[in-house]
Structures are given as structure tokens and as C-alpha cells.
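Chemist: What follows is a structure written as C-alpha cells; I'll ask about it next.
The values are calculated or read from the model by the stated rules, or taken from the named source; none is laboratory data. What you see is a predicted model, and the numbers here were worked out from it, not measured in a lab. Cβ atoms come from the backbone with ideal geometry, glycine included; neighbour counts cover every protein chain shown.
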Amino acid sequence: MNKYVLVLNCGSSSVKFNLFLLVGRLSLQTVLQGIVEEIGNVQRSRRKAEWHGEKLVDNIPIHNHHEALASVFDLFSHHGIDLRSIIAVGHRVVHGGELYKNSVLVDQHVLDTIRKLIPIAPLHNPPNLAGLEESIRMLPAVPQVAVFDTAFHESMPEYAYRYAIPEKWRNEYGVRKYGFHGISHMYVARRAARILGIPFQNFNGITAHLGNGCSITKIENGRSVDTSMGFTPLEGVVMGTRSGDIDPALISYVAGRIEQDEGVSRAAAFDRVFHALNKDSGLKALAQTNMMQDIRTKALAGDQSSETVVDIYAYRIARYIGQYWATLPYADAIVFTAGVGENESYIRKKVMDFLANLQIEIDDAQNALRRTEAVIGRSMIRPDHPLTVMVVPTDEEAVIGCDALFLGHLRQDVPQVYPFELE
């Protein structure tokens with residue numbers, strides 16, 4: 001009988017899934033992947049999947065995460081996959097706080113801890129927890145593994161993660177920088193080190209995860225030592241709908257104006273401000289769309305306001321990269337990844353243009369490539385340590401699947417060298 005590893009990523013209104021076939025002892029190959037969308041909106045909910053290159057879309061009324069997972073398992077059965085052949089399930093969990101520096105085999109203590117972290121991750125941990133509990137209920141004999149988005153950043157030193165705030169906030173409320181996108185940053189850094197022929201424990205570089213959410217991470221000797229997102233994913237560079245860094249004093253000022261102008265309560269005004277900073281800011285506020293390809297198309301057609309938006313976006317990214325480069329002993333690579341990072345050559349060039357002091361020579365032909373591993377530029381500003389600019393498509397599910405295989409099925413620690421580093 002074939003053996004499979006299932007990866008689940010449960011959001012508030014969606015469940016992404018990827019079913020891997022175990023080939024040999026350690027190799028994982030995707031056989032069926034997709035997403036259940038619009039959970040709770042039964043008029044629009046649907047299941048989308050890809051099976052051997054065939055796109056499948058089914059409109060199904062989905063009321064909750066239990067029904068979403070049931071529809072995924074029905075799809076498996078429809079394609080002849082026996083649920084008894086699933087040997088492990090890996091779950092993306094956004095927030096592990098300070099407690100988890102690695103992925104873990106899930107037990108009741110882990111579930112309780114994820115629940116306790118809901119106050120500092122109210123948008124993400126509840127659906128992650130719901131997915132975990134439903135998966136355990138529906139596959140009770142299958143080991144479940146939690147892979148935390150914050151774990152890679154738990155190697156940050158205190159001088160990087162600690163805010164200059166009252167001690168009570170830090171000690172009793174848990175307010176500090178946690179960072180996110182850690183699974184992605186770890187994957188692309190490991191692949192970059194592999195491409196350059198550098199052992200990961202010796203790799204120094206800067207990874208730029210640029211999607212609808214964006215974050216930049218500084219890596220020294222294979223460890224995250226700083227990252228742009230903070231206590232929440234709102235801190236950092238300009239994103240699709242998030243503002244990124246702002247003067248925090250403006251929150252109280254704008255809330256006061258809303259309270260005065262619209263006659264709402266102070267609490268309601270604060271809620272509106274935070275909703276706007278997370279959902280109606282970033283590119284969406286600057287360009288009335290968070291689709292970078294649309295903004296880039298207008299900029300290339302000569303629209304000056306769109307060009308200004310690109311400049312704002314690229315400059316904020318370049319500023320973080322420059323800070324991190326300046327505070328590393330040297331950098332082997334700058335690595336672009338995620339939707340914008342992998343596909344938008346114009347944006348990558350803009351970022352590199354803002355890093356003029358690094359003297360990067362751009363290979364325009366390589367930079368024009370999309371969704372493929374490529375070396376797009378080099379700098380010899382440090383002749384003893386050449387700087388390579390790269391694109392590496394991210395694959396968070398490869399990490400989650402591998403951790404689930406090792407911790408859940410093989411009952412071993414996560415590998416020092418991942419199978420995907422050997423390809």
C-alpha cells in the first residue's frame with residue numbers, strides 16, 4: 001500500500017491541503033493539492049484541487065472546518081486514496097510564541113499552548129487550532145505535527161527581538177518581536193545555500209518574502225537573527241493591505257478624529273484604525289489595488305502615480321535589506337521569494353537600484369525569469385565574499401511535509417539537512 005503525508009494550512013475561511021506520496025524512505029511527491037474556500041459562506045464555498053495536472057472545481061456548501069476537512073477526505077476517497085494510508089499530518093500554525101523553537105508532535109499540551117496563545121494571535125491561531133482538532137478527531141490514529149511560522153525566528157538575540165517598552169508589557173503581556181513567514185525564510189535560505197555550495201550552518205544572507213504579506217529576514221550562520229515583522233505581521237515593509245512601519249502615535253490621533261467626526265465610541269474608533277492598517281492600507285491604500293502586477297503594468301505604461309507606488313514599496317524593502325547587510329559580517333546572498341518576489345522582475349530591479357552602494361550587476365535575462373530558481377545579479381563589493389542576488393520559489397509545504405514525516409512517522413528529530421537541500 002502507498003504511504004502518504006498530508007499537509008494542512010487552515011485559515012479562518014479556507015483550508016489548503018497538499019497530499020504527498022512517500023517515495024522510497026524520504027522523498028515526498030505531491031499527488032493531490034488544493035483549497036477549500038469561503039468556509040461559512042455556503043452560497044460561494046467551493047473546493048478547488050489539482051490531480052495529475054487536471055484542475056477540479058466543485059461548488060459545495062461548507063459551513064465549518066469539519067465539513068471542509070470532510071470534503072477533502074471525500075476527494076481523496078474519490079481518487080482511490082485510502083485514508084488508512086496517511087501516515088502523518090503536518091499543520092502550519094502561525095504562532096508558537098516563545099515556547100516552540102522547532103516543529104513538535106502534537107499532544108494535548110501542545111493544543112492547550114496554542115489555545116493560550118490566541119490573545120496574541122487572535123486572527124490566526126483559532127483557525128489553526130480548529131483544523132488541528134478536526135484532523136485529530138477525523139484521523140485519531142495518525143500522528144499530527146505542528147510546524148510554527150514563528151519557530152525559525154526564535155534564534156533572534158534579545159537585542160533584536162526586545163522592544164524598548166515597560167517591563168510589565170514584556171514579562172506579563174508577552175510583547176516582543178516574534179516574526180513570521182519563518183517556514184518560507186528557512187526553506188529559501190537552505191535552497192540558496194545549497195545552490196551556492198555553502199553548508200547551511202555557514203550561510204549568511206537576507207531573504208525577502210514578498211507576497212500579499214511581506215517580510216525580510218537577516219540570517220547569520222543559518223540562524224534568523226532579525227526580521228521585519230514584529231509582535232504581529234503588521235510591522236515591517238509595505239505589504240498588500242498592511243501599512244508596515246508607522247509612527248504609533250498616529251493610531252491614537254486618527255482614532256480621536258474618527259471618534260469626534262463620526263460620533264463613535266473610542267473603542268470602536270480604535271477598532272476601525274487597526275482594521276484599516278491591516279486590511280485597507282499598504283498597496284491597496286496607495287494604488288487602490290493590492291495586485292502588484294496591475295500596479296507594475298500601469299507604471300510601465302507611464303502612469304506616474306503607479307511608479308511612485310512602486311518606488312515607495314521597493315524603497316522600504318531596500319531599506320531593510322541595507323540595514324541587515326550593514327550589520328552582517330558579510331552576506332552570501334540576497335534571496336527573493338513568494339508571489340511578487342518570484343514573478344516581478346521590475347520590482348526586483350527597483351529594489352536593487354535603491355541599493356546602489358552594494359554595486360550589484362544585474363543580469364537582465366536572468367532577472368526576467370519567473371517562478372524558477374535563478375541567479376539574477378552579483379556584487380563584488382566584498383571580493384573575499386561575493387554577494388549573489390537570487391530568486392528561489394518558496395515551498396513551505398515541503399518543510400511541513402518533511403517535518404511531519406520525520407517527527408510523526410519516523411519518530412526522529414527534524415533533519416539537519418532536509419531532502420530538498422540534496423536535490
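Chemist: On the phi > 0 side of the Ramachandran plot and either more than 25 Å from the chain's Cα centre (by Cα) or among the aromatic types (Phe, Trp, Tyr) (or both): which single residue out of HIS79, HIS63, HIS52 fits that description?
Modeler: Details: HIS79 fails: on the phi > 0 side of the Ramachandran plot; HIS63 fails: on the phi > 0 side of the Ramachandran plot.
So the residue among HIS79, HIS63, HIS52 that is on the phi > 0 side of the Ramachandran plot and either more than 25 Å from the chain's Cα centre (by Cα) or among the aromatic types (Phe, Trp, Tyr) (or both) is HIS52.
Chemist: Next question. Is at least one residue of region 355-364 acidic (Asp, Glu), within 23 Å of SER224 (Cα to Cα) and at pLDDT 95 or above? Give the steps one after another, and end with the answer.
Modeler: Going through region 355-364, the residues acidic (Asp, Glu) turn out to be 361, 363-364.
Retained after the next criterion (residues that are within 23 Å of SER224 (Cα to Cα)): none.
Among the residues of region 355-364, not one is acidic (Asp, Glu), within 23 Å of SER224 (Cα to Cα) and at pLDDT 95 or above, which makes the answer no.
Chemist: Now for a separate question. Tell me which residues, restricted to region 87-101, are within 18 Å of PRO143 (Cβ to Cβ), crowded, with 20+ Cβ neighbours inside 10 Å and not small (Gly, Ala, Ser).
Modeler: Listed by number, the residues that qualify are VAL89, HIS91, ARG92, VAL93, TYR100.
Chemist: Test LEU300 against the criterion of being in contact with a strand residue (DSSP E or B) (Cβ under 7 Å, 6 or more places away or on another chain) and more than 30 Å from PHE17 (Cα to Cα), and give yes or no. Talk me through it step by step, then tell me what you get.
Modeler: Numbers: in contact with a strand residue (DSSP E or B) (Cβ under 7 Å, 6 or more places away or on another chain): no; more than 30 Å from PHE17 (Cα to Cα): yes.
No, not satisfied.
Chemist: Picking from LEU387, LEU355, LEU328, LEU407, which residue would you name as being in contact with a Leu (Cβ under 6 Å, 6 or more places away or on another chain), farther than 21 Å from LEU286 by Cα and surrounded by 15 or more Cβ atoms within 10 Å (Cβ to Cβ)? Steps first, answer last, please.
Modeler: Values: LEU387 fails: in contact with a Leu (Cβ under 6 Å, 6 or more places away or on another chain); LEU355 fails: in contact with a Leu (Cβ under 6 Å, 6 or more places away or on another chain); LEU328 fails: in contact with a Leu (Cβ under 6 Å, 6 or more places away or on another chain).
None of the other options fit; the residue is LEU407.
Chemist: Restricting to helices (runs of 4 or more DSSP H) lying wholly in region 306-375: which have 3 or more residues that are more than 23 Å from the chain's Cα centre (by Cα)?
Modeler: Numbers: elements: 338-343, 345-354, 364-367.
Here the list reads 364-367.
Chemist: Among the numbered criteria (1) surrounded by 16 or more Cβ atoms within 10 Å (Cβ to Cβ); (2) in contact (Cβ under 8 Å) with a residue 60 or more places away in the chain; (3) touching a Ser or Thr at 6+ places or on another chain (Cβ under 9 Å); (4) assigned to a loop (DSSP other than H, G, I, E, B), which one does MET1 miss?
Modeler: Failed condition: (1).
Chemist: Can you report the number of residues in region 30-49 which are under 15 Å from GLU67 (Cα atoms), buried (at least 16 other Cβ atoms within 10 Å of the Cβ) and either among the polar types (S, T, N, Q) or more than 24 Å from the chain's Cα centre (by Cα) (or both)?
Modeler: Result for region 30-49: 1.
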